[in-house]
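Quick note: the coordinates plus some simple rules give every number you see, no bench work behind them. Remember, predicted model here, so these are calculated numbers, not experimental data. Backbone-built Cβ (ideal geometry, glycine too); neighbour counts: all protein chains shown.
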Amino acid sequence: MTQFDYDLFVIGAGSGGVRAARVAAGFGARVAVAEADRPGGTCVIRGCVPKKLLVYAAHFREDLDDAAAYGWTTDATFSWPTLIANKDREIARLEDIYRTLLKSAGASLYEGRATLMDLHTIEIAARRYTARHLLIATGGRPVRPEIPGAEFAITSDEAFQLAELPRRVLIVGGGYVGVEFGGIFHGLGAKVTIAYRGEQILRGFDDDVRHHLHDELVRKGLDVRLQCDLRSIERRGDGSLAATLVTAGTPQQLEVDAVMFATGRQPVTAGLGLESAGVQLDAHGAVIVDEYSRSNVPSIHAVGDVTNRVALTPVAIREGAAVATTLFGGQRVAVDHRDVPHAVFSQPPVGTVGLSEAAAAAAYDSVDVYTATFRPLKYTLSGRNERTLVKLVVDAASQRVVGAHMVGPDAPEIIQGIAIAVKAGLTKEQFDATVAIHPTAAEEFVTLRDKRAARR
């Protein structure tokens, strides 16, 4: 029988990889993890955690403005270096926690770039290690469009480390990252332009959500340009950037201090040796896996963003635990990727779970739609002109709620609870039978009465 150094070798110490390592070690497996950068991965180091901290910072400006209507007198100033320093300190603390978690579980951590040499062998810094099973959990990285002057732009990775806050920012892209950083920079005082080549921001989300958020961003003062392409970037002598944008065939030059690409992410698989090991990748470089996260090579699995399934940290964590349980826990576990709740930490934020109206209309013969828009109570005294959207999508035949969507304050927090109901298959009648908590925005989900048929 072949002897291996480890039972499981994980490449990537992000959330999915670390969870797999810990669960596998808990089952008694000998585990090692390799990380080329910092333990914690995208989410902890340069993704959802630092982004959410910056979102909090950006929203304080509105809170301070609204405070006057509630009797508060404020005289506040903002310091970007202070924010970044405090953010860095928190991220370093979380990185240490990830190291401690691996050590406490008994897993070995190798810091360096790992390359597959064959189906069971990994090389790190000229040293080789063998493992019965390999797990690829290398995540994704931002995509940089190939245009003249692209080297002058930043991505979300670099945005967290800017020495100073730019006064004028062009964000290229209208997905998660684009609208989130648009809100961050705007809230902290920058003039923000979002350029998106599509017909509306947040492609793939419910259309009412997309249009509502677009209108709110514009109302707040962001310059959102749809069906707009970035063709080139030039650096001027004073350090500013000249971006050439084309809308409906008409070019226009925009002068900014920073251009940020928010044009998607791609799996980190290049240079890992996967091809030489015979691992099949899709056209985007993602590892192709089955419902148990196993590649076409039985000894090699993959989880998280590198598989390009549902690119969310909680999903990667579940996938990692499922792989470890399947390999070492005595039961086969597959992750259910249906009805996964999503949040966009824009300003206002978005929370959604289940099917959009369009997807439901394609899946069911008849669909009922319930919507409401209203001004949050908090803004009645300050007069802030921001409105919240809530929406339920219902299969008319069974009356099961198949989609729930919200744009407004606390939307992600509220949708987390609603997601349980959608996942459980609860009906509109059961929503209606639930007593509301008043006064809250969440109560709208159990008081919706006005119905229309889904648009087809």
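Side notes on the structure shown:
- Anisotropy class of region 332-393 from Cα gyration tensor, a/c 1.5 cut: oblate
- Placing a label point 7 Å from the Cα of THR2 along the Cα-to-Cβ direction, the residues of region 262-295 with a backbone N closer than 18 Å are 273-280, 294-295.
- Tensor-based shape of the chain (alpha-carbon gyration tensor, a/c under 1.5 rounded, otherwise prolate or oblate): oblate
- Mean Cβ neighbour count within 10 Å, used as a protection proxy, ranking 279-288, 29-38 highest first: 29-38, 279-288
- Peptide ranges 235-243, 223-231 listed from the most packed, as the mean C-beta count within 10 angstrom indicates: 223-231, 235-243
- Relative contact order %, region 20-113, counting alpha carbon pairs below 8 Å whose residues are six or more apart: 56 percent
- Anisotropy class of region 399-438 from Cα gyration tensor, a/c 1.5 cut: oblate
- Each peptide in 391-403, 289-301, 87-99 receives the mean, over its residues, of other Cβ atoms within 10 Å, and ordering these scores from highest gives 391-403, 289-301, 87-99.
- Order of GLU255, GLU443 under a 10 Å beta carbon neighbour criterion, fewest first: GLU255, GLU443
- Least to most buried among VAL306, VAL49 (fewest other Cβ within 10 Å first): VAL49, VAL306
- With each label modelled as a point 7 angstrom along the Cα→C-beta vector, the TYR292-SER79 pair spans 5.6 nm.
- In the chain, the DSSP-assigned H stretches of four residues or longer account for a calculated mean residue ellipticity at 222 nm of -9500 deg cm²/dmol, using -39500 (n - 2.57) per stretch and the full residue count as denominator.
- Gain upon complete extension [ASP336, ALA126; 0.36 nm per residue less C-alpha separation]: 71.7 nm
- Taking every alpha-carbon pair under 8 Å whose residues sit at least 6 apart, the chain reaches a relative contact order of 15 percent.
- Between TYR6 and THR130, ALA131, ARG132, the built amide H atoms are under 5 Å apart, and every one of these is 5 or more places off in sequence or on another chain.
- Subtracting the Cα-Cα distance of GLU146 and THR247 from their residue separation scaled by 0.36 nm leaves 34.5 nm.
- Applying the Karplus relation 6.51 cos²θ - 1.76 cosθ + 1.60 with θ = phi - 60° to region 444-454 yields 3J(HN,Hα) values of 4, 5, 10, 10, 5, 10, 6, 10, 9, 7, 5 Hz, where x marks Gly and Pro.
- Take every Cα pair under 8 Å whose residues are at least 6 apart in sequence, average their separation, divide by the length of region 342-453, and the relative contact order is 31 percent.
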